[in-house]
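In what follows, a single structure is set out as structure tokens and then discussed.
Coordinate-derived values only; no laboratory data. Just so we're clear, the structure is a prediction, and the values are computed from it rather than from any experiment. We place every Cβ from the backbone using ideal geometry, glycine too, and count neighbours over all the protein chains shown.
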């Protein structure tokens, strides 16, 4: 068997043969079907002038046609720019110019976005991911030629307010696949994913196909629909998404039980978990939960395994290093810190990015001697479990950290979710927070502040605390603390009554 993500995908599709590998609504494609589509698309693009070593950009959609486009690009020996929904036009165009893109593909659902992107970065070939591309004649058997350099470029989630262009080579992509298979079990999997316009769910699709498995793309992410699809399709793996999505599913199943006996694993991550709600979800779902923490720059960093979810003291942790990954907690001068000490998390891994496209200065600041900075602050215990405390740029007044305070607030039975942040004031930032009430219960804001004071000390008590209906979130699913600070900056004198958004 040949190596590399492209070869693994072809091997997986050939192993599946007549067995279905992509399910999306009424569309059910076999491995043979997908291989035929890849061959037709590669022939059509080659006839249009796309050559080995070119860059193909794609306005990636949520249907079955999009992952097939990535495999076609690999079959041509082309770099691939994965433009997920929400990436600003100017950022996508900058990536295309830097990598000298010769073609733009676009999912039918994103046709309207193609025109402004082409205006910003004209290319020779432009093609919808439709029957015109996938139903033509093939030029011969599908192969994946060996290629050097960048194989994939995508975009960070914008946690810091900027979408950085992140590049991977073939070795890093192969390492991503190896780590996924080591954590999620021997393939083939039967994966259920609710496709969102995001990079990570799309990669789960690729990894499943590379293992000869089946992907069920469920466009309706409501908990009732997901539960029904698990039963109907006998899914073995569920990519639940963010912690809030996992909690919604678990709480739905408390009221409407479903047959989940086919499931072997439920994967979640992408934002800070709420320990009290994770414990409740684990109690309902059993030993199926696995949390991952990772970054665009470093790939998978940690895994909190199903057995770890049975230990309440670990539910504030993101787990231990993922297979093949080394973690360090370091002081500002770059020296390693001992267990229990707080510092920035660094990672060394074969999954690490090649760098930021067209930004050598930022790459040099993020990667040093093979180690990548995460921008996250945390501590590691003596057993190697990592506990995240905050983002380095989100430090609270007085050197405090958000996550411990948020964990105390969300541990109260009347609180569903919480976020604390630095509120700008003329005399300097002050500690503030918001809470989301659970099931219409009364929230005693003064009582919650006293709870934090008793648990963590006076310094950790929020000066201002409000109740809100829901937390605003970034495109990556994290609480948008910049939006909270901006919203409440003008109304900090009236605790409990938030200003209008």
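In nm, to one decimal, how far is the modelled label at residue 450 from the one at residue 47, with both set 7 Å along Cα→Cβ?
Inter-label distance under the simple model: 7.7 nm.
Could you tell me the center-to-center distance, by alpha carbons, between the stretch 331-363 and the stretch 1-57 in angstrom?
Here the answer is 35 Å between Cα centres.
For the chain, find the longest principal axis of its Cα atoms and tell me its angle to the long axis of helix 111-120, 0 to 90°, nearest 10.
Once rounded, one gets 90 degrees.
According to a simple spin-label model (label point 7 Å from Cα along Cα-to-Cβ), what is the distance in nm between residue 395 and residue 414?
3.5
Report the gain in length on full extension from residue 119 to residue 358: 0.36 nm times residue separation, minus Cα-Cα distance, nm rounded to one decimal. Intermediate results must be reported in sequence, preceding the final value.
Values: separation 239, 0.36 × 239 = 86.04 nm, distance 2.07 nm.
Length difference between fully extended and current span is 84.0 nm.
On C-alpha positions alone, give me the angle between the axis of helix 65-76 and the longest principal axis of the chain, in degrees, nearest 10.
60
If I take every Cα pair under 8 Å that is 6 or more residues apart in the stretch 395-488, average their sequence separation and divide by the length, what percent do I get for the relative contact order? Mind showing how you got there, number by number?
Working: 149 pairs, mean separation 25.4, N = 94.
Over the stretch 395-488, the number comes to 27 percent.
What order, most packed first, do the peptides 59-69, 356-366, 255-265 have when packing is the mean number of other Cβ atoms within 10 Å of each residue?
59-69, 356-366, 255-265
Angle between the Cα long axis of helix 223-233 and the longest principal axis of the chain, 0 to 90 degrees, nearest 10?
In the chain, helix 223-233 runs at an angle near 40 degrees to the longest axis.
What FRET efficiency comes out for the pair residue 262/residue 470, r = Cβ-Cβ distance, R0 = 51 Å, nearest 0.05? It would help to have the intermediate numbers written out before the result.
Numbers: r = 32 Å, r/R0 = 0.63.
That pair, residue 262 with residue 470, gives E of 0.95.
Classify the stretch 395-488 as rounded, prolate or oblate, taking a ≥ b ≥ c as the square roots of the eigenvalues of its Cα gyration tensor: rounded when a/c is under 1.5, otherwise prolate if a/b is larger than b/c and oblate if not. Can you show the working numbers first?
Details: a/c = 1.63, a/b = 1.09, b/c = 1.49.
Oblate is the answer for the stretch 395-488, as a/c is 1.5 or above yet b/c matches or exceeds a/b.
Calculate the FRET efficiency for residue 100 and residue 130 from the Cβ-Cβ distance with a Förster distance of 35 Å, rounded to the nearest 0.05. Don't skip to the answer; put the middle values down first.
Values: r = 26 Å, r/R0 = 0.73.
Calculated transfer efficiency: 0.85.
Taking every DSSP beta bridge that has both residues in the stretch 395-488, what percent is antiparallel when rounded to the nearest 5?
65
Measure off 7 Å from each Cα along the Cα-to-Cβ vector at residue 425 and residue 14, then give the distance between these two points in nanometres to one decimal.
With each label point 7 Å from Cα toward Cβ, the separation is 6.8 nm.
Highest first, please rank the peptides 190-196, 329-335 by the mean number of other Cβ atoms sitting within 10 Å of their residues.
On the way: 190-196: 23.6, 329-335: 12.4.
Per-residue mean Cβ counts within 10 Å order the peptides as 190-196, 329-335.
Mind ranking 88-94, 374-380 by how tightly packed they are, going by the mean number of other C-beta atoms within 10 angstrom, highest first?
Values: 88-94: 17.3, 374-380: 20.7.
The densest-packed peptide leads the list: 374-380, 88-94.
Antiparallel as a % of all DSSP beta bridges within the chain, to the nearest 5? Please report the intermediate quantities before stating the final value.
Values: 45 of 84 bridges.
Of all bridge pairs located within the chain, approximately 55 percent are antiparallel.
Expressed as a whole number of Å, what is the distance separating the alpha-carbon centroids of the stretch 394-413 and the stretch 156-206?
29
For residue 336 and residue 489 in one chain, what is 0.36 nm times their gap in residues minus the Cα-Cα distance, to one decimal in nm? Spell out each step's value before the answer.
On the way: separation 153, 0.36 × 153 = 55.08 nm, distance 3.77 nm.
That pair, residue 336 and residue 489, stretches by 51.3 nm at full extension.
Can you compute log10 of I(q)/I(0) for the stretch 97-158 with the Debye formula, treating each Cα as one identical point scatterer, at q = 0.12, 0.25, 0.26 Å⁻¹?
Debye intensities relative to I(0), on a log10 scale: -0.44, -1.23, -1.23.
Tell me whether the stretch 10-108 comes out rounded, prolate or oblate; compute the Cα gyration tensor, take square roots of the eigenvalues as a ≥ b ≥ c, and use a/c under 1.5 as the rounded threshold. Intermediate results must be reported in sequence, preceding the final value.
Numbers: a/c = 2.58, a/b = 1.50, b/c = 1.72.
Judged from the Cα gyration tensor, the stretch 10-108 comes out oblate (a/c at least 1.5, b/c at or above a/b).
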